[in-house]
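K.L.:
What follows is a single structure, and I will ask about it in a moment.
The values are calculated or read from the model by the stated rules, or taken from the named source; none is laboratory data. In this text the structure is predicted, and so the values were computed from the model without any measurement. Every residue, glycine as well, gets a Cβ built from its backbone with ideal geometry; the counts of neighbours run over all protein chains shown.
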Amino acid sequence: MNEEIKLIWQKFFNWVSGNGPRPENEVIPPEPPPDLPFTQKPKDKYTRFHEATLKERYNQWLEIHGLHIFSLIYSGLSVLTCIVIVCLLLATVAELPPFGDEKNPANNEVIRRYVEHGGHETGAQNIVAGLILDYRAFDTFGESAVLFTAAVSVLMILGVSRRNNIEESSPDLNESGQNFLERAPPVNFHEIRQDDSILRAVASLSIPAILLMGCVVVINGHLTPGGGFSGGAILSTALILCANAFGFERVHKFFNERTFIISSSTALMIYALSKGYSFFTGANHFHSIIPKGTIGNILSGGLILPLNICVGLIVAGTLYGFYALFSRGDI
Amino acid sequence: MILVEWLLLIFLIVCAIAVSISKNLLNSVIIFMSYSLVMAVIWVLLRSPDLAITEAAVGAGVTSVLFFLALRKIGKLEHNKDDENN
């Protein structure tokens, strides 16, 4: 008993002080020879069918037919599960109130309030923009923050390993952007894009139009359909097209990691501060210094126009950042 | 107009089934793209142009580009090209 306790204590002490067995000191036992496939195994002592016991007969039968039956059961169960889920969902749909009925729970006083007073309370001609950027501006702030956080985490995960590799291999080269770009792993785009004059011609014609369209959608968000999110997505498609047609170096000249971080965080800060101000004054019934303007003008809607521009900047940068990070590993 | 809506809705259902049963991943992404485009038209017919713009920009544009990028990362685009050459 005493010996055992001593042994356990000795093991524990070794473990604490790090004297335990080490993986590099371990002797790898020689691998046993691989098992023969079951067809070449030496036969059991029962060779005749009637002499085999019931269990052995069952095992033999299972070896021959087991896989087939298992796959049958598997596919049958998956089909059954699908049918059950489809029936459940269809039953739920049948329980929903009819489309467009005026007694639906969605048709309550909130919607009437938005439609009747949304115009002069928010100053926006587009009630949807007034709704998402004035009444429900906190939700949109959360959306933008989530997008920005996602982009930053992707940047952290995909950007750090490459940077470490470069620092280890050539500590003197990582300062200059030229060598950084040259060290990028060969992307297939470079091979595909060589002498692709059709793509370049189409891109040079359409990129200005797409950029203009995006700007119009962002800036007129409070007057016409659209807004920060959709306009930012359109802007990011223009950036992606530019990167595909002319190379990432062209986009890198005016939009790099530094620009992305600065523009996105500044836009988020402006959004949070201005909306915090308006929520503070609104909740405490103070007089807000932000003018509403006349409905229909470009400078109207209070904070909606700057907020749209902020959201557009964040969305454009983030979506292009996703594309650049996943295709090249760097914005 | 009702007829157009029905046609578009039937096209949506056909697209949704075709995406899942298509063997070629590139075809799946392209069908998904057309699904988003038709969905944008349906949003306009349902009088919600805000959603239509977002659907066209995000669904048909950015999402499909990211899908193509994923296909290239897992080597499906090159694989198909080799098959055609052979």
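K.L.:
Can you pull out every residue in the stretch A:107-126 that is part of a helix (DSSP H, G or I) and surrounded by 15 or more Cβ atoms within 10 Å (Cβ to Cβ)?
P.N.:
A:TYR114, A:GLY118, A:GLY119, A:GLU121, A:THR122
K.L.:
Next question. Of these, A:ILE295, A:ILE309, A:ILE270, A:ILE331, which one is among the β-branched types (Val, Ile, Thr), surrounded by 22 or more Cβ atoms within 10 Å (Cβ to Cβ) and in contact (Cβ under 8 Å) with a residue 24 or more places away in the chain?
P.N.:
Selected residue: A:ILE331, the only one of A:ILE295, A:ILE309, A:ILE270, A:ILE331 that is among the β-branched types (Val, Ile, Thr), surrounded by 22 or more Cβ atoms within 10 Å (Cβ to Cβ) and in contact (Cβ under 8 Å) with a residue 24 or more places away in the chain.
K.L.:
When you scan the stretch A:138-146, do you find a residue that is of a type in the set (Ser, Thr, Tyr), in the same structural domain as A:ILE219 (by TED's automatic domain parsing) and within 34 Å of the chain's Cα centre (by Cα), even just one?
P.N.:
yes
K.L.:
Does B:ALA40 satisfy the criteria of being in contact with a Gly (Cβ under 9 Å, 6 or more places away or on another chain) and in a helix (DSSP H, G or I)?
P.N.:
yes
K.L.:
Considering only residues that are within 14 Å of chain A (Cβ to nearest Cβ) and hydrophobic (A, V, I, L, M, F, W, C), which ones fall in the stretch B:14-36?
P.N.:
Correct list: B:ALA16, B:ILE17, B:ILE21, B:MET33.
K.L.:
Now a separate question. If I ask for residues that are touching a helix residue (DSSP H, G or I) at 6+ places or on another chain (Cβ under 6 Å) and either in a helix (DSSP H, G or I) or within 14 Å of chain B (Cβ to nearest Cβ) (or both), which ones from the stretch A:279-308 would you list?
P.N.:
A:ILE304, A:LEU307, A:ASN308
K.L.:
Please determine, by comparing only the residues of the stretch A:198-239 that are more than 13 Å from every other protein chain (Cβ to nearest Cβ) and not hydrophobic (A, V, I, L, M, F, W, C), which one is farthest from A:ILE298 (Cα to Cα).
P.N.:
A:ARG200
K.L.:
Here's something else I'd like to know. Go through the stretch B:48-67 and give me each residue that's more than 9 Å from chain A (Cβ to nearest Cβ) and at pLDDT 90 or above.
P.N.:
Result: B:THR63, B:SER64, B:PHE67.
K.L.:
Can I ask one more? Pairs please, first residue from the stretch A:84-99 and on the phi > 0 side of the Ramachandran plot, second anywhere and at pLDDT 90 or above, Cβ atoms under 6 Å, 6+ apart in sequence or on different chains.
P.N.:
none
K.L.:
Take the residues in the stretch A:67-104 that are outside any helix (DSSP H, G or I) and under 33 Å from the mean Cα position of the chain (by Cα), then tell me which one is nearest to B:LEU46 (Cα to Cα).
P.N.:
A:PHE99
K.L.:
For the stretch A:1-21, enumerate the residues that are part of a loop (DSSP other than H, G, I, E, B) and either of a type in the set (Val, Ile, Thr) or within 53 Å of the chain's Cα centre (by Cα) (or both).
P.N.:
Selection gives A:GLY18, A:ASN19, A:GLY20, A:PRO21.
K.L.:
So which residues in the stretch A:208-266 are in contact with a Ser or Thr (Cβ under 9 Å, 6 or more places away or on another chain) and aromatic (Phe, Trp, Tyr)?
P.N.:
Listed by number, the residues that qualify are A:PHE229, A:PHE246, A:PHE248, A:PHE255, A:PHE260.
K.L.:
Restricting the first residue to the stretch A:277-289 and requiring it to be assigned by TED's automatic domain parsing to the domain that holds A:SER300, which pairs with a second residue that is small (Gly, Ala, Ser) and part of a helix (DSSP H, G or I) meet a Cβ separation below 8 Å and a spacing of at least six or different chains?
P.N.:
A:SER278/A:ALA137; A:PHE279/A:ALA137; A:SER288/A:SER278; A:SER288/A:GLY282
One line per residue, one yes/no per condition, for (1) among the charged types (D, E, K, R); (2) over 18 Å from the mean Cα position of the chain (by Cα); (3) within 15 Å of A:SER236 (Cβ to Cβ):
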site	(1), (2), (3)
A:LYS253	yes, yes, no
A:SER263	no, yes, yes
A:MET269	no, yes, no
A:ALA272	no, yes, no
A:GLY276	no, yes, no
A:ALA283	no, yes, no
A:ASN297	no, yes, no
A:PRO306	no, yes, no
A:TYR323	no, no, yes
